[in-house]
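Undergrad: Here you go, one structure.
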Amino acid sequence: MTDKIKKPDENELADLAELFKVFGDSSRIRILYALFGEELGVSDIAERIGMTISAVSHQLRILKHNHLVKSKRDGKSIIYSLDDDHVYKILAMGIEHIEE
């Protein structure tokens, strides 16, 4: 580990703990992986991961609140995608870590 990393203050530590809690649910992880490189609507996500539309919608609200997914309107539909490159990196680093 490098000494150049800034040590977080108490608020940042609390925010970081909350972020990691979001990753503590396998349903949310499955949703994030379904969105890897794709934009999908709620029903498409639900079909791909075998969950109800209601359950996916609930998890998407949590993911969106934590800035892990973003949405855009396409006519009457709402399309979801990963929020930014950081989400890809977090998931990739997690997989790399568990495969060691």
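Undergrad: May I ask which residue of 32, 17, 77 lies farthest towards the positive end of the charge dipole of the chain, with charges of +1 (Lys, Arg) and -1 (Asp, Glu) on Cβ and the Cα centre as origin?
TA: In the chain, that residue is 77.
Undergrad: Contact order normalised by length for the range 18-84, with contacts defined as Cα pairs under 8 Å and 6 or more residues apart; what percent is it?
TA: Relative contact order here is 35 percent.
Undergrad: Relative to the longest principal Cα axis of the chain, at what angle does helix 53-65 sit, 0 to 90 degrees, rounded to 10?
TA: Orientation of helix 53-65: about 40 degrees from the principal axis.
Undergrad: Treat every Asp and Glu Cβ in the chain as -1 and every Lys and Arg Cβ as +1, leave all other atoms uncharged, and give the resulting dipole magnitude about the Cα centre to the nearest 20 debye.
TA: 420 debye
Undergrad: In the calculated pair distance distribution of the range 1-74, what percentage of Cα-Cα distances lie above 16 Å?
TA: 54 percent
Taken together, the values in this text are just the output of simple stated rules run on the coordinates, not laboratory data. A quick note: this is a predicted structure, and the numbers were derived from the prediction, not measured. Using ideal geometry, Cβ is built from the backbone for each residue, glycine included, and neighbour counts are taken over all protein chains shown.
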